[in-house]
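Everything below concerns the one structure shown next.
Every number in this text was worked out from the coordinates using simple rules, so none of it is lab data. Every value quoted in this text rests on a predicted model; they were computed, and no experiment measured them. All Cβ positions, glycine included, derive from the backbone under ideal geometry; neighbour counts span all protein chains shown.
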Amino acid sequence: MTSQAHESSELLLDAAAVAARLGVKTKTVTEWRRRGRGPAFVWLSWRCVRYRPSDIDAFIAAHVRPAAAEAKVVAAPARIPGR
């Protein structure tokens with residue numbers, strides 16, 4: 001095993017580490033993965049799922065939204081009486 005491969009394997013995070021980084025529960029990360037909503041993951045075996053830090057960074061970047069003051073405000077459609 002090369003030292004580079006060894007270093008790469010040390011960078012993989014488990015669901016608990018990802019949850020701590022994102023400020024959510026481990027169960028939330030697991031549910032996101034099951035529903036295809038969470039960060040990309042590495043499936044090493046049936047019970048061994050890990051995450052690359054770069055995929056966590058990409059997930060965070062994909063979910064950044066502008067502050068309310070910066071967002072383009074679109075008015076909700078007016079409610080039509082009787083409908």
Taking 36-45, 20-29 and ranking on average Cβ neighbours within 10 Å, highest first, one gets 20-29, 36-45
Over segment 3-62, relative contact order from alpha-carbon pairs under 8 Å, at least 6 apart, % | 32 percent
At R0 = 22 Å, FRET efficiency that the Cβ-Cβ distance of ALA40 and ARG65 yields, to 0.05 | 0.60
